[in-house]
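Below you'll find the structure, written out as C-alpha cells, and then a few comments.
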Amino acid sequence: LEEGAFDEAIAGCDVVHHTASPFWATSREVLDPEQELFAPALEGTRNVLNSVVRCAAASGLAPARVVLTSSVAAIFGMAEIAKRPTDQPFSEDDWNESSAPEGNPPGDP
C-alpha cells in the first residue's frame with residue numbers, strides 16, 4: 001500500500017484494469033473488517049488512481065480508460081455459495097448480504 005507503487009506499471013498504459021482487493025474465505029480469520037479489508041481496499045484503489053493521475057501529469061498522456069471491478073465477495077458469501085447450484089450463473093440480481101459487518105460480525109460462523 002505504498003503511494004507511487006503502481007507508477008512504473010501504469011506509465012504508458014492505454015487501459016488500467018484494477019481487480020485486487022483483500023479477501024479472506026471465512027469471517028473467523030478477520031477480526032477487524034474495517035482495518036483488515038475495507039481500509040486496505042480503499043487505500044489500494046486510491047493508490048492506483050493516484051498513479052494514473054501522476055503518470056498523466058508527467059507524460060501528458062492518460063490511460064483512455066480505468067476499469068475498476070468489484071470483488072466476487074460482493075455477489076456471494078461462503079454460506080450462499082455452498083447452497084447454489086453450480087450451473088446457475090450470477091447476475092445483477094445477486095447480492096451478498098451475509099458478509100456485511102452488521103450481518104456477519106467477526107467470529108460468527
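Observations on the structure shown:
- Taking Ser21, Ser91, Ser59, Ser71 and counting other C-beta atoms within 10 Å, the order from fewest to most: Ser91, Ser59, Ser71, Ser21
- Based on C-alpha pairs under 8 angstrom that are at least 6 apart in sequence, the stretch 7-70 has a relative contact order of 56 percent.
- Summarising the label geometry, the points placed 7 Å from Cα in the beta-carbon direction at Ala74 and Ala9 lie 1.9 nm from one another.
Computed from the coordinates by the stated procedures, all read-outs in this text should not be read as laboratory data. It should be emphasised that the depicted structure is a prediction, and the values quoted were computed from it without experimental measurement. Glycine also receives a Cβ, built like all others from the backbone with ideal geometry; neighbour counts cover every protein chain displayed.
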